[in-house]
1. What are the GluC sites (Glu not before Pro) within the range 184-219 that DSSP puts in a loop, where the Cβ has at most 16 other Cβ atoms within 10 Å?
2. With every protein chain in place, what's the accessible area of Glu462 (1.4 Å probe, Å², nearest 10)?
3. Can you give me the solvent accessible area of Leu375 with a 1.4 Å probe, rounded to the nearest 10 Å²?
4. For Ala125 and Lys361 in one chain, what is 0.36 nm times their gap in residues minus the Cα-Cα distance, to one decimal in nm?
5. Taking Cα pairs under 8 Å and at least six residues apart, what relative contact order does the range 263-404 come out at, in percent?
6. What accessible area, in Å² to the nearest ten, does a 1.4 Å probe give for Glu294?
7. As a test of reading the structure, rank Asp276, Asp86 by solvent-accessible area (1.4 Å probe, protein chains only), most first.
8. Could you grab the relative contact order for the range 94-160? Cα pairs under 8 Å, six or more apart, rounded to a whole percent.
Amino acid sequence: MAMASSSNKKKPKKNQTPESQFNYNLNFYSKSKDLHSAISLYDTAISQDTRLNQHGFNTLLYLCSVSLNDPSTEELALRCGLRIFDHMVSNGIKPNEASITAVARLAAAKGDGDYAFDLVKNVGAYNELPRLRTYDPALFCFCEKLEAHKAYEVEEHMGSMGVGLEEGEIAALLKVSVESRNEKRVYGYLQKLRKMVRRVRGETAKVIEHWFAVFEGSGVELDVDLVREAVSRNGGGWHGLGWIGKGKWVLKRGSVDVGGKCCCCGEQLVSVDIDDDETERFAESVAGLAMEREVNANFSEFQNWLEEHANYEAIVDGANIGLYQQNFAEGGFSISQLDAVVKDLYNQSGKKWPLIIMHNKRLRALLQNPSTRELIQEWIEKDVLYTTPQGSNDDWYWLYAAVKLRCLLVTNDEMRDHIFELLGSDFFIKWKERHQVRYTFVKGKLELQMPPLFSVVIQESEHGSWHVPVAGNGNDSPQSWLCVSRPRACDALEEDSCMEGSKDSNDICCNSKLLSFGRPESLTSCKNKLQSQASFQESDNKITALTCKRKERSPSPSYLHVPCDQRHQ
């Protein structure tokens, strides 16, 4: 048998079997991507009846598939690759997913997408599960040949096997849909792209631009309230109801300012939240995990209490704030830091108290301290405080409350612990971006770092325009935005504040540090609130003057667990 020679190649061991000698030399040729020598080695082994194992066949198939990118080896790879696979199957060697993927790439390179797809569909016969890379050859082959219906069939099969699309696959499906003028499919793939990526690649942006440049179809006329309800239900940033508006699209490349205003069309982008269904599933997941790890009665009691006290707009992780930067000799629990956060939230939110979640043992210590007792008792009377019982984990309580009430969560906790890893979903990251408020104390001065005013994701406005963030060419390249709108896109909303209203009003509404606790709001909603603010405050002041007290609530159930002699010491 021919031997590979190289000054850098270790000498093979003596008394090797033909099979081990073949594998030794094949591995060397594979590392050096030497297809010609590998095929010669293979032909010699076959002529000498050397038995090849699965690893040997897979190495040859892999080397053939990666050699397709080299014009000097492409023809040899195509000619020999499928022959090697047939030899493998005829010898009773079971292919695995890697084998199927390599052969599918060879078939697609020959333009035979059908064979590549058949290989994937039959991978179950070998007790193997396909991966995204296994489907790619057939999918990209059909897309390149503009065989849209076959490409859609591959996508459907992927879904049935639980294999998700990534940007490259969505872009290919989007392109074939653009070329076939399939409006419904294009709309659907834009929505999938919105969910999958934050910034699209430059080549993907060109496909999107091409579509809007040639697409002149009129969108449906939908009731404005219906569209807004869909936007709110979906968490903001998209409605998913189809194309809206009439006339040719206006395409521009530009930027978005720090407040989220598009410099091309003047539209205000929004902060995108998870949708209603995801929120409910998220809350149920947190509650389910908490019930597994907490005393059921305790957490159920908290859930019931929260149902009756559901008007909080911010949840505060008391321990995280009280212990912030306290790792020094005289350090301890800083009630002043916690008080500063509570007061800042109270003032910014229009005189609405947040809810502090704190462990019961922490409460006992604070009540026993004369310097902190009065403030704690004030919080208890105002229902600012909920204390978790002995043996509980505060994290479950403040996370569940923030998710269930759809409000802000003030904590510097990165939520990377194992308990959060159990949630294991991409929407957790999106939820944190929209709801988590971080904080710092610089020389004792509090600074709240609110969630961003807008999300850098594809956004579909309530009047039909699109804004697509496009990634730069390099790590240091700034992103740009593709702005796609109709002429006079705001006609349907001309009475709203889309492009009208005073600049001061819009600035107050859209750049407020506490723009919107909970659900994102439309500019119209903001404007209406601004217009009614004076009369509302006047009425509120009159009511306060007459009653001189807030509405009474039942005390926190956890507080009831504190001994009577500690409540009003």
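The values are calculated or read from the model by the stated rules, or taken from the named source; none is laboratory data. Treat the numbers as computed from the prediction; the structure is a model and nothing was measured. Counting neighbours? That spans all protein chains shown, and the Cβs are built from the backbone with ideal geometry, glycine included. Side chains are part of the model used for accessible areas, which takes the heavy atoms of the whole protein and leaves out ligands, DNA and RNA. Shrake-Rupley method; radii C 1.70, N 1.55, O 1.52, S 1.80 Å.
1. Values: sites: Glu203, Glu209, Glu216; in loops: Glu216.
Answer by residue number: Glu216.
2. 50
3. About 40 Å², rounded to the nearest 10.
4. Working: separation 236, 0.36 × 236 = 84.96 nm, distance 5.96 nm.
Additional length available on full extension: 79.0 nm.
5. 30
6. Here the accessible area works out near 20 Å².
7. If we order Asp276, Asp86 from most to least accessible, we get Asp86, Asp276.
8. 33
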